[in-house]
Every structure is written in structure tokens, then in C-alpha cells.
Amino acid sequence: MIKESVIKDPALAPEGRLKIDWAAQHSPVLNKLFKNQLADGALDGRKVAMTIHLEAKTAYLALLMHEAGADVTVSGSNPLSTQDDVCAALAERGVRVYATHNPSDAEFERYLEQTIETGPEIMVDDGAELVGRMIDKRPDLLDGVIGASEETTTGILKLKAMDAEEVIPFPVLAANDALCKHMFDNRYGTGHSSLSSLMYNTNLFMGGKTIVVMGFGWVGRGLAKYTKGMGARVIVCEPDPVKLLEAHAEGYEIMNSLDAAEIGDIFVTGTGNLKVLNSEHFERMKTGAILANAGHYDHEIDVAWLEKNGKNEREVRRNVTEYEMPDGRKIHVIVRGRLVNLAGGDGHPVEIMDLTFAVQALAAHHLAKNSASIPAGLQPIPAEIDQLVASTKLDTMGVEPEKFTQEQIDYQKSWR
Ligand code: NAI
């Protein structure tokens, strides 16, 4: 049954269906948890709103929640990561969708508002887009919410700021901080998919290139690991001295970003901060430098400065914008500084999102069953959810973890 969705074109559904089917085939953890936990009735009739990058893997999570009995509404968390065929396939299967690829700012805002107006009880959020807007603009709907979960580091930062002001009246589970999420998704998933998008969108060889990685958090670690694996010379820039030393110990070059600006061929940001690459860097860069962002928002690279001060802006390749500096040097920005892996590609590998969305699905399920006993504000994901996701994954791989003998358990508890 098609509900009152707002999508680009229902006729695109067949292509979207194929993409979702592929994700489903490679999501053994979600499939197993669906049978054993998610479909136990806890989500039956619950109004669930999701705002996450709307591509096949997210769509599969939305479908499973729908099949578990929830009344699901989805909207995109980034204007360029929404895939219209996936939206059409979701709407066809009975999920309410408010999303189109590359909407105007006003349309993007309206989709989020429409999602909130459905009066969700549970929100699966990304970048705190739903939670923040509801608190700010629709306090009348707050009473109906039993809880939310948050997908990404940037959202966690915003929620911490909200928590400090004590404005969150319901529990928000920090899905991003689950071990089975950020250790795999932020690190391996983002590194792997950002590099493949960079290569696909430029068609350039990474071997021997000097790649500057801005930030050595989870995302930066993955970016550095995979670019080095492709034969690049990797330079890491990071304000935290301990993390910078860690980068050095891993074998990467470390330096100040202004020095790195002069020698980098490709720059990739993954910090959650703003203007990490700005006019001071652009002034020093070599002609032909390529800039990409893997962080949540498109302000890590100061694209606004380039748009204002660069001359002869033009698309030199699909998803590659060229800006000419006053002295004639050319700087290239991939997908206008939006998340390179999602706006310029299909995002994380399916197996990685299988873990992430297993965490998200179990978080929603946990809220549906236990929200009354969880305090309001930002809360950790229960450790049992991490254990369940990891052991389910190992089980699907046919691998059994070591088991301690009683003698070993006693030994670890003794001190004599
Ligand atoms: P994190 O907190 O682990 O790491 C961020 C690092 O950036 C920190 O070490 C911080 O010190 C550093 N940093 C901050 N300002 C900097 C600056 N001016 N120059 C250089 N380094 C700076 O965060 P995480 O998990 O690595 O996430 C980073 C961003 O990536 C966030 O916006 C997050 O939401 C986003 N993200 C994107 C994904 C994707 O699919 N593209 C997936 C997961 C996270």
C-alpha cells in the first residue's frame, strides 16, 4: 500500500528494489536478529521516524522495522545522499517517505518537518536533525516521544550540548558510541567507502600520491589506513597530541596542516569541525589539489569561500567542481564538500552497515520495551546490545569465541 509519500518518481521502484534486495542478502546479522528479537511484537504499532542517508542499507533497516509492525516514516539526512529509486521502492512497500535527491533547502527542511509532524514515538536520528528540531520547533509533540537513538559523532556532540542545557525530555541512546558501530563503521566503513568514492569520481591512481588526512579520530584512522594500503604517502594533521603521536607510531607522517597544504595532492577531512580547510590552506595548495570531506556536514572544507572567491567555477567531471584562484591555480572539490562516500557513492559496505543497523534496530527495540526505566538525556547503548551484535555476527560466520575455563576465571579474580 502506498501511503502519502513525497518522492521523485514511483516508476523508479524496480531499480530501488534490486538495490535493497542486494543489501538484504548481505545483512546476515539483521536478518538473524529480525527472526530472533525484532519481530517479537515490541515494535508493533509503534510510530518510528528515521532520518538517515537514504540508500539501500538504510532502506532495508526501515523495511525490517516496518515488517516488525512499526509505522515507519523516513526522510534523508543529507540532500545529496538520498537515492530516488530506493525511496520509490520503500514507498511501494508501505514505508512513508519524505525525500528526494538534491532538494532545495526549503524542500529539505519541509521533509524533516513532515517527518516530525507524524508524531513519532521513537526516532532513529542522524546528526540530531529530528531531535533538535522537535525540541526547538515542535515542543507540543515531545510528550508522545518515548526515546531516540543517534547515528553519528556530530549528532552526539549536538546532543551533549542539548543535555548540558537539560532540554532533552526523553532518553536518547548513543548508537554511534556502541563499539560495534564506531569501531567498524566510522573507521573501516568510512575509510573504505570514501577512498572508493574518491577513486571512482576522479579516476586517478592513488599510488605515490601525497594524501593529507585531516583528523585522526575513528574516521581519520580508517582514511589513513586504506589510503596507505593503496600506496599513497599519508600525512596526518590533528590537534590532539596523543592522537598525533599514535598516527606517527602507525607509520604516517605528521605535520601542521599549513605545511601539509603545500605538498598534498589530495586532502580528506573527517573531523566533525568547521573550516578545517580554509583560505589559508587554499592559498598554499598546489594547482590541481583535490579536496574531499568525509565528515557529517559540508562545512569542513570552506566551500563558501571558494564559491565566493574562486573564478570560473565549473564541473570538470561529474561530482568534481573546479575553482580558479586569483593567481590561476586550480582547486578541485568532490561533491561540493558533502560526505564523499555517501553523496559521491553508495556509502559504507553492506556488511559494515549490517552491524551499525543491528545496533540501531536493537536500540529501537530496547526503547520500545524499556523506555520507562531509562533516564532522560543522552544515554549509552547497553553493553548487552554490543555483545549480542558481535556474537550474532560471529555466529553467522561460524566462528566461536574462546571460552574461559573455570580455572582461568578463578585465576583472573585472584591476587595471590
Ligand atoms: P572523532 O571525534 O573520533 O574524531 C574527530 C577528530 O578530528 C578528533 O581527533 C579531533 O581532534 C580532530 N579534529 C577536530 N578539529 C580538527 C581540525 N581543525 N584539524 C584537524 N583535526 C581536527 O570523530 P569521528 O567518529 O572520526 O567522526 C568524524 C566526523 O565524521 C563526524 O562529523 C562524524 O559525524 C562523521 N562520520 C561520517 C561518516 C561517513 O559515512 N562519512 C561515518 C561516521 C562518522
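Readers should treat all values here as calculations from the given coordinates under stated rules, not as data from a laboratory. These figures come from a predicted structure and were not determined experimentally. Here Cβ is always computed from backbone atoms with ideal geometry, including for glycine, and neighbour counts include all displayed protein chains.
Highest GNM mean-square fluctuation among E262, E351, E400, for the chain modelled with Cα contacts below 10 Å: E400.
If one takes the longest principal axis of the Cα atoms in the chain, at what angle in degrees, from 0 to 90 and to the nearest 10, does the Cα axis of helix 105-117 lie? With rounding to tens, the tilt is 10 degrees.
Based on the convex hull around the alpha carbon atoms, the stretch 20-107 presents an average projected area of 5.5 nm². Toward the positive end of the charge dipole of the chain, with +1 on the Cβ of Lys and Arg and -1 on the Cβ of Asp and Glu, the farthest Cα among Y188, A164, T154 is that of Y188. For I254, the residues whose amide H sits under 5 Å from its own are V236, ignoring neighbours fewer than 5 places away on the same chain, with H placed 1.01 Å from N.
DSSP bridge analysis restricted to the stretch 189-343 gives an antiparallel fraction near 30%, rounded to the nearest 5. When the chain is treated as a GNM with alpha-carbon contacts under 10 Å, the residue of G208, G270, G345 showing the greatest mean-square fluctuation is G208. Each of D298, D126, D143 has some number of other Cβ atoms within 10 Å of its Cβ, and from fewest to most they run D143, D298, D126. Database remark: amide H of G147 closer than 5 angstrom to the amide H of M123 (H placed geometrically; neighbours at sequence offset of 5 or more, or on other chains; Pro and chain starts carry no H). Number of Lys-Lys pairs in the stretch 189-343 with C-alpha atoms under 15 Å apart and a separation of 8 or more places or on different chains: 8.
Normalising the average separation of contacting C-alpha pairs (under 8 angstrom, six or more residues apart) by the number of residues puts the relative contact order of the chain at 17 percent.
When the chain is treated as a GNM with alpha-carbon contacts under 10 Å, the residue of T269, T321, T153 showing the greatest mean-square fluctuation is T321. Once you've got the Cα coordinates, tell me which of K369/K393; K19/K137; K35/K160; K160/K181 are over 28 Å apart. Pairs exceeding 28 Å: K19/K137; K35/K160.
Computed from backbone phi with θ = phi - 60° and the Karplus coefficients 6.51, -1.76 and 1.60, the 3J(HN,Hα) list for the stretch 360-373 is 4, 5, 5, 5, 4, 5, 4, 5, 4, 8, 10, 4, 4, 9 Hz; x is used for glycine and proline. Summing Cβ point charges (Lys, Arg +1; Asp, Glu -1) relative to the Cα centre of the stretch 189-343 gives a dipole of roughly 480 debye. Of all aspartates and glutamates in the structure, the ones whose alpha carbon falls short of 15 Å from that of K158, not counting any fewer than 8 places away in one chain, are D125, D126, E129, D136, E150, E166, D177.
By the count of neighbouring beta-carbon atoms within 10 Å, fewest first, H192, H182, H348 end up ordered H192, H182, H348.
Rounded to the nearest 20, the size of the Cβ-charge dipole of the stretch 27-76 about its Cα centre is 120 debye, with Lys and Arg at +1 and Asp and Glu at -1. Between amide H atoms placed 1.01 Å from N, distances below 5 Å from V212 occur with I235, D265, I266, F267, V268, all of them 5 or more places distant or on a separate chain. Our summary of shape: the Cα atoms of the stretch 189-343 have principal axis extents of 42, 28, 28 Å, ordered from largest down, in whole angstrom.
Compute the Kirkwood hydrodynamic radius of the chain, taking the inverse of the mean of 1/r over all pairs of distinct Cα atoms, and give it in Å to one decimal. It would help to have the intermediate numbers written out before the result.
Values: mean 1/r = 0.0449 Å⁻¹.
Every distinct Cα pair counted, the radius reaches 22.2 Å.
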